[in-house]
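Notes follow once the structure below has been shown.
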Amino acid sequence: MASPAPCGMLPAMSTVRAAPVPPVAPSDPPLGLPRSAGAAQPAVPGLIEARPNNQPVSALRDLRKNVEINVGKACNNRCVFCIDGLPKAEDRAYMPWPQMRAELDRWAAEGYRSVGFLGGEPTTYPQIGEAVAHARAIGFSRVAIATNATKLRLTHFTDRLLDAGLTRVTVSMHGHTAELEDKLTRVPGNFHKKCEALRYLVARRRADPTVLPDGLSVNIVLNGWNHAHLPQMLKFFYETIGVDDLRANYIRPEGYAEGDASLTPRYAEVVPNLIKAIVLAERHFKKVFTFGGFPMCVLPAPLRRDPELLSRTMGEYRDLSTACSVRSDGGDRVAPGKTFVDGSWVQHVKSSAVFFDEGEQRARFNWQDRKRFDLKGHPEACGACELFGVCEGVWKGYLDIWGAGGFQPVRLADTALAQR
Ligand code: SF4
């Protein structure tokens, strides 16, 4: 089962003006859409409660309450699309161990039983082994890392994490050749290191099916340099490497990729390759393949209308409802109840997605609402779309590059959401 998209930086302000869309607040009614699993979350002190219906209903979703903790933004790769870009020194600093312990204790006490460690690169966090072990000791049954896997080629290090109780690994890898992967991650020799790591994890799981009970998946950031190779990537990861769970997320054009049209293809260019991949995964490889970050209106009608195929392949149906905890100085935060007035894509929309803890210098928020209210925007067509209440919208960085064209209002009856 695929992990949610990693939590990201606080919002980058957009400069492109969108036509106003109807005001929406987290408590607005859901346009008659069914209630989601994420709606059941109680209020957590210091965390904005998830908006009801902020995810599509799905029997495939793991219902454990999930939190993703950012350990610091230091990284041993330099991906061309990294949303962190060049982080400030204080953002690169690792979370002090006492704070990490307290953070884990806090979420466990709130009933969270799934935790993911993010960076930067979580395997470079000096206390990652201790963090995994502590999470298991206090009751987290699902403990995951989202990693570039470069360090996991060191088998003694990987064994230590597995012995500490790690239950899931999501490997970020974006190319099926050394040329492509090393160019995207800007680390010569990285492809071979990552392949070594993946092969070791696959071998450990084959030798002992209790290893990583919550799965091993590869997460691909779909971008302008790799989307045409998606079918070949499926063949490489399923057959050559041996993983059986792939997730392809549309690029979020922030950080290094902000304003970069060559890395940010139009949805219309990517969707034909996405459909090829879905057909291959379903009919030929018969393995798990999911995608994320594509609004419904850019998907072909036969996929949009098919409840089984859509819920099997659209990652948002599987993503856990996720709280995030990220270091922040609060400087670029949108305070709850405040409204952007500078013509950004969230004009007229009250942002209530972030709670900022000044004492701890951390921001906490629900990831699905964060995307909806801060990181994505709704172009003009959304005002007439019957999915407006549930659709997260489009990354603001995409709208800044390509504008608001290419999005069409959708009728609820013309989607799988109405066919329940
Ligand atoms: S709300 Fe907007 S982006 Fe979402 S499906 Fe409708 S038209 Fe597309």
- prompt: Exposure proxy check: S217, S141 ranked by fewest other beta carbons within 10 Å?
  reply: S141, S217
- request: Send over the Kirkwood Rh of the stretch 192-313, from the inverse of the averaged 1/r over different Cα pairs, rounded to one decimal Å.
  value: 15.6
- request: Could you pull out which residues in the stretch 198-217 have an amide N less than 17 Å from a spot 7 Å beyond the Cα of L154, following the Cα-Cβ vector?
  value: 198, 200-201
task: Calculate one ³J(HN,Hα) per residue across the stretch 136-153 by plugging θ = phi - 60° into the Karplus curve 6.51 cos²θ - 1.76 cosθ + 1.60, and present them in order as whole Hz with x for glycine and proline.
output: 5, 5, 9, x, 6, 9, 10, 10, 10, 10, 9, 9, 7, 6, 3, 7, 6, 5
query: In the stretch 130-268, with Lys and Arg counted as +1 and Asp and Glu as -1 at Cβ, which of these residues, L154, P213, F237, has the Cα nearest the positive end of the dipole, that is, farthest along it?
result: P213
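Tell me, in nm to one decimal, what length is gained between K286 and A102 on full extension, where the rule is 0.36 nm per residue of separation less the Cα-Cα distance?
On the way: separation 184, 0.36 × 184 = 66.24 nm, distance 4.25 nm.
Stretched fully, the K286-A102 segment lengthens by 62.0 nm.
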query: Using 1/(1 + (r/R0)^6) with R0 = 51 angstrom and r between the beta carbons of I275 and E358, what's the FRET efficiency to the nearest 0.05?
result: 0.60
query: Can you run phi through the Karplus equation (6.51, -1.76, 1.60; θ = phi - 60°) for the stretch 369-377 and list ³J(HN,Hα) in whole Hz, with x for Gly and Pro?
result: 6, 4, 5, 4, 9, 10, 8, 10, x
- prompt: Roughly speaking, what is the centre-to-centre gap between the stretch 49-83 and the stretch 358-404 when only Cα atoms are used, to the nearest Å?
  reply: 15
message: Is there a quick way to get the dipole size of the stretch 241-326? I mean about its Cα centre, with the Cβ of Lys and Arg at +1 and of Asp and Glu at -1; what is the value in debye to the nearest 20?
response: 340
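Around L161, with a cut-off of 15 angstrom between Cβ atoms, what is the net charge of the other residues, counting Lys and Arg +1 and Asp and Glu -1?
Values: positive: R136, R142, K151, R153, R160, R168, R204, R205; negative: E121, E130, D159, D163, D208, D214.
Net charge around L161: +2.
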- prompt: Long-range amide H contacts for L222: which residues qualify at under 5 Å (H placed 1.01 Å from N, peptide plane, sequence gap of 5 or more or a different chain)?
  reply: N249, Y250, I251
query: Which FRET efficiency, nearest 0.05, do E196 and A384 yield, Cβ-Cβ r, R0 45 Å?
result: 0.30
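A short reminder: the numbers here are calculations on the coordinates, not readings from a lab. Since the structure is predicted, the reported quantities are computational estimates derived from the model, not experimental observations. Glycine also receives a Cβ, built like all others from the backbone with ideal geometry; neighbour counts cover every protein chain displayed.
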